[in-house]
Amino acid sequence: MTSCNKFEEEGLRDMESGHPLDKHYAACTDCQENMAAYACIKQALQDLDGLYIPPKGWEDNVWKSIEKEESSPKAKPFWMRMYLPATGMAVVFSVFMLIFFSGSPTIKVKTDLELSFQQGDAHMRGIMRGDDTPKPGDRLILKAETGDFKHVELRLYLNHKKLLFACTDKPPCKKKSNQIIAETKLLSAGNYQALLLASDKPLPKTTDSPDKDALQASSSGANEIIFKQFEAW
């Protein structure tokens, strides 16, 4: 099954030009993921505006890198590759900045999100299972650094269409100072998405879609949006 590239090829241009998007984007999961990733990067770039001056010649480095990456026959859109990771891997936005603005002052990251796993079966603890892929029955541990923002929330979804929890200081979340820790058992196989939202403004209500929630948070002025995903099987 091929993925849909309509947002990359048409939607992004239309959106930035102020033209309304057609109904396709409300129903297409691929396009919703691409839109959410773009919104996250756009928000992060706006947050960094004025904090530093990039090194001389950075524009040429950006275009050279884009031309090189886009020459790959099956390459995803450049901005999507930088933000949305391959399954099981996490890419923090600071990596995006490091590639293009090497030599610029270090930017302090206000928030962070770490994922770790504990083997669920007692007899399996401490025994190598042959790979690091999480499995149903394992425990997921989420550790979020929330900074000093007034409104923060940790959310977990399954298969981009089911909200498992959204919390700050209620189970399964525990909040201590500027950190939220959540532990939960992975009850089924599938693709999981973790979303950390931090804002000085109230956060929008949750839906069953991490992509929609990220877009809504960005539109409402969220300061930090961190998205990570993994598979369990």
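What follows draws every value from the coordinates through simple rules; no lab data is involved. Bear in mind that the values here come from a model prediction, so they are computed numbers and not experimental data. Ideal geometry is used to build each Cβ from the backbone, glycine not excepted, and the neighbour counts take in all protein chains shown.
Using a 7 Å offset from the Cα along the Cα-to-Cβ direction at both W63 and D200, what is the distance between the two label points in nm, to one decimal? That separation, rounded to one decimal, is 3.6 nm.
Order these peptides, 21-28, 139-146, by their mean beta-carbon neighbour count within 10 angstrom, highest first.
On the way: 21-28: 12.6, 139-146: 19.1.
Result, highest mean first: 139-146, 21-28.
Spin-label model, F117 to D14: label points 7 Å out along the Cα-to-beta-carbon direction sit 3.8 nm apart. Name all residues of the range 197-221 having a backbone nitrogen under 17 Å from the label point set 7 Å from the Cα of A27 along its Cα→Cβ direction, giving them as ranges. Under cut-off, by backbone N: nothing.
Compute the length gained on full extension between K6 and I181: take 0.36 nm times their separation in residues and subtract their Cα-Cα distance, giving the result in nm to one decimal.
Details: separation 175, 0.36 × 175 = 63.00 nm, distance 3.74 nm.
This chain segment gains 59.3 nm when fully extended.
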